[in-house]
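Enquirer: Okay, handing you the structure first.
The values are calculated or read from the model by the stated rules, or taken from the named source; none is laboratory data. Computed from a prediction, not measured in an experiment: that's the story for all the values here. A quick note on method: Cβ atoms are made from the backbone with ideal geometry, for glycine too, and the neighbour counts reach across all protein chains shown. Note: accessible area is taken over every heavy atom of the protein model, side chains too, but ligands, DNA and RNA are not part of it. Shrake-Rupley method; radii C 1.70, N 1.55, O 1.52, S 1.80 Å.
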Amino acid sequence: MNRTSVLLLPLAVASAGNVFAQKAQQPNIIYIMSDDHAYQAISAYGSPYIKTPNIDRIANEGVIFRNSFCANSISAPSRACVLTGKHSNSNGQINNGVRFDSTQVTFPKLLQSVGYKTAMVGKWHLRSQPTGFNYWITMDDQGQYYNPTFIHQDGSTKDEPGYATDLITDFAINWMDSVKKGQEPFCLLLYHKAPHRNWMPDIQDFDAFRGVKFPIPETFHDNYEGREAAAKQKMNIEKDMLPVYDLKLYEPNGIEDTEWSFKNFHGEYDRLNPEQKAAWDKEYKPVLADFKKKNLQGKALAEWKYQRYMEDYLRCIVSVDRNIGRVLDYLDKNGLTENTIIVYASDQGFYLGEHGWFDKRFMYEESLRMPLVMRYPKGIKNPGRSIMQMVQNIDYAPTFLDFAGVKIPEEMQGVSFKPLLQEKKVKWRNSIYYHYYEYPGFHSVRKHYGMRDDRYKIIHFYGNDINAWEFYDLQQDPNEMYNLIASPEQQQRISDYKQKLIEIRAQYGDNLQ
């Protein structure tokens, strides 16, 4: 070895040490997302229905976002917004029927390019194969609750015995075990199926909420006066919630229902093993007997359906929260808590009887708002606080990249909210943009786009059978019951907001109709 080599050796060692030190400082990232979890069903958000101690723990030890919104309230588009940091018109995933363009830039690809180990586990729902991941295992389309089929990275499929929420968490923890001792930081996307329709709870949670009478939302019997699109929807609990598929009111030659409902319920029920079927029948046969005995009609039937819906929906969330606790415990036991960003969110909001509805899609508050809590001991100043600024799911990718020290691509339309977490003074957006495209579609919600700021919301519903505008004062009318579009006192303000809507559409390059 010559003298030059000897002199360079310490520099090389120091350089390598710096690389390892840099990697050690980069946070691990765990992004947990459920499907259709309403913020109204999280106790950190003041839920009157349920306690969610593990989700609350993330909020209490980190931050809770009080004004978190999606850009398109439906599953696949929302997931694409998270991955790409772009609105639906820019990432191409305008509805659930489109195949995701997996060649475009995503934050997992960028993290992988700087040495992160990346994984995607659970409900993918984007049709194309995941890219940008060292490891992935996904459910087929919507997936199943019991003994679900998983697609493996090599293309093989396998039915896994157990309950989906537990199994997804098992896969995630096993993968973290395989990478936790490496020098590289990791990024894990842990995507639950629950609490998506048809709300099949884990057998161990059947005792939860039995006999509880849930408060009826004050807008439950809404007549949709002055809101044409709201009157045209097909997501009403009384009229559109299916007796067999949704409420499990099945017996041979029994309750009248659609062929789709029978077929899809049988597809789920037939996956149960004998022990599971016995427990299932024991739970739901008395429900059917109660329903037949009461012979309900009208408002009484709607309210009975609501109680049944809430019972199963919330039971599914009990399992989600319990499994989030498993992940938090794993981080604690393995010394990973301090340097790990952990985020919990849903892919959008959900209706829990507000306006008489289930599902999402509309730009009204219950489906527009997303729950979002985040913990990062090393990177969040003054934990336990609320963040009031308006954020959207297009902001997640830039934020993760920012914390990892990765340059945020110019094509990303979201903005890193890292400064908000560190209590830095920063100029922030004062409005958010939304666009929903899926019509004709399953629940007959018309296409619409709109803008919301801290007080007002303007929405334009459009299509061959509708051309309607809505305008709301969220301060005076938080339940969005009174469309002010024809109010003489609001005409100048409405004109101003229509112009603002034109401007924000131009900002995001959205000229789709």
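Enquirer: Does GLY356 fit the bill of being open to solvent by less than 10 Å² (accessible area, probe 1.4 Å), modelled with pLDDT of 95 or more and more than 23 Å from ASP56 (Cα to Cα)?
Expert: yes
Enquirer: Please note which strands (runs of 3 or more DSSP E) are completely contained in region 411-513 and include at least 2 residues that are more than 24 Å from the chain's Cα centre (by Cα) and over 26 Å from PHE358 (Cβ atoms).
Expert: Hits in region 411-513: 466-473.
Enquirer: Which one of these does ASN382 not meet: (1) more than 19 Å from LYS500 (Cβ to Cβ); (2) open to solvent by less than 60 Å² (accessible area, probe 1.4 Å); (3) free of Cβ contacts under 8 Å to residues at least 60 places away in the same chain?
Expert: It is condition (2) that ASN382 fails.
Enquirer: Scan region 390-406 residue by residue and report those that are under 15 Å from SER78 (Cα atoms) and of a type outside the set (Ser, Thr, Tyr).
Expert: VAL391, GLN392, ASN393, ILE394, ASP395, ALA397
Enquirer: Scan region 163-180 and give yes if some residue there is at positive phi, of a type outside the set (Val, Ile, Thr) and modelled with pLDDT of 95 or more, otherwise no.
Expert: For region 163-180, residues at positive phi, of a type outside the set (Val, Ile, Thr) and modelled with pLDDT of 95 or more: absent.
Enquirer: Okay, next question. State yes or no: is ASP257 part of a helix (DSSP H, G or I) and either within 28 Å of the chain's Cα centre (by Cα) or free of Cβ contacts under 8 Å to residues at least 40 places away in the same chain (or both)?
Expert: Spelling it out, it is not the case that ASP257 is part of a helix (DSSP H, G or I) and either within 28 Å of the chain's Cα centre (by Cα) or free of Cβ contacts under 8 Å to residues at least 40 places away in the same chain (or both).
Enquirer: Also, I was wondering about something else. Quick one: would you say GLU228 is of a type outside the set (Phe, Trp, Tyr) and either in contact with a helix residue (DSSP H, G or I) (Cβ under 9 Å, 6 or more places away or on another chain) or at pLDDT below 95 (or both)?
Expert: No.
Enquirer: To continue, here is another question. Look at region 385-414 and say how many of its residues are open to solvent by 10 Å² or more (accessible area, probe 1.4 Å), aliphatic (A, V, I, L, M) and under 18 Å from ILE29 (Cα atoms).
Expert: So the answer is 2.
Enquirer: Take SER73 and decide whether it is assigned to a loop (DSSP other than H, G, I, E, B), modelled with pLDDT of 95 or more, within 11 Å of the chain's Cα centre (by Cα) and not hydrophobic (A, V, I, L, M, F, W, C).
Expert: Yes.
Residue-by-condition table, conditions (1) touching a residue at least 24 places away in the same chain (Cβ under 8 Å); (2) closer than 19 Å to ASN393 by Cα:
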position: GLN476; (1), (2): no, no
position: ASN479; (1), (2): yes, no
position: TYR497; (1), (2): yes, no
position: LYS500; (1), (2): yes, no
position: ILE504; (1), (2): yes, yes
position: TYR508; (1), (2): yes, yes
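Enquirer: So which of THR131, THR84, THR118 ends up being under 19 Å from the mean Cα position of the chain (by Cα), at pLDDT 95 or above and closer than 22 Å to PHE400 by Cα?
Expert: Testing whether each residue is under 19 Å from the mean Cα position of the chain (by Cα), at pLDDT 95 or above and closer than 22 Å to PHE400 by Cα leaves just THR84.
Enquirer: Also, I was wondering about something else. Within region 202-215, identify whether any single residue is open to solvent by 50 Å² or more (accessible area, probe 1.4 Å), within 21 Å of LYS277 (Cβ to Cβ) and of a type in the set (Asp, Glu), and answer yes or no.
Expert: Scanning region 202-215, I find at least one residue that is open to solvent by 50 Å² or more (accessible area, probe 1.4 Å), within 21 Å of LYS277 (Cβ to Cβ) and of a type in the set (Asp, Glu), so the answer is yes.
Enquirer: Now, a different point. Inside region 409-438, can you point out the residues that are in contact (Cβ under 8 Å) with a residue 24 or more places away in the chain and out of contact with any strand residue (DSSP E or B) (no Cβ under 7 Å at 6 or more places or on another chain)?
Expert: Within region 409-438, PRO409, GLU411, MET412, GLN413, LYS418, GLN422, GLU423, TRP428, ARG429, TYR437, GLU438 qualify.
Enquirer: Going by what's in this entry, would VAL406 be described as of a type in the set (A, V, I, L, M) and touching a Ser or Thr at 6+ places or on another chain (Cβ under 9 Å)?
Expert: Answer is yes for this residue.
Enquirer: Looking at this structure, is LEU126 of a type outside the set (Val, Ile, Thr) and open to solvent by less than 10 Å² (accessible area, probe 1.4 Å)?
Expert: yes
Enquirer: Which one of LYS277, LYS239, LYS248, LYS285 is on the phi > 0 side of the Ramachandran plot and either without any contact (Cβ under 8 Å) to a residue 24 or more places away in the chain or out of contact with any Asp or Glu (no Cβ under 7 Å at 6 or more places or on another chain) (or both)?
Expert: That would be LYS248, the only listed residue that is on the phi > 0 side of the Ramachandran plot and either without any contact (Cβ under 8 Å) to a residue 24 or more places away in the chain or out of contact with any Asp or Glu (no Cβ under 7 Å at 6 or more places or on another chain) (or both).
Enquirer: Tell me the residue from LEU372, LEU368 that is surrounded by 21 or more Cβ atoms within 10 Å (Cβ to Cβ) and within 21 Å of LYS51 (Cα to Cα), please.
Expert: From the options LEU372, LEU368, the qualifying one is LEU372.
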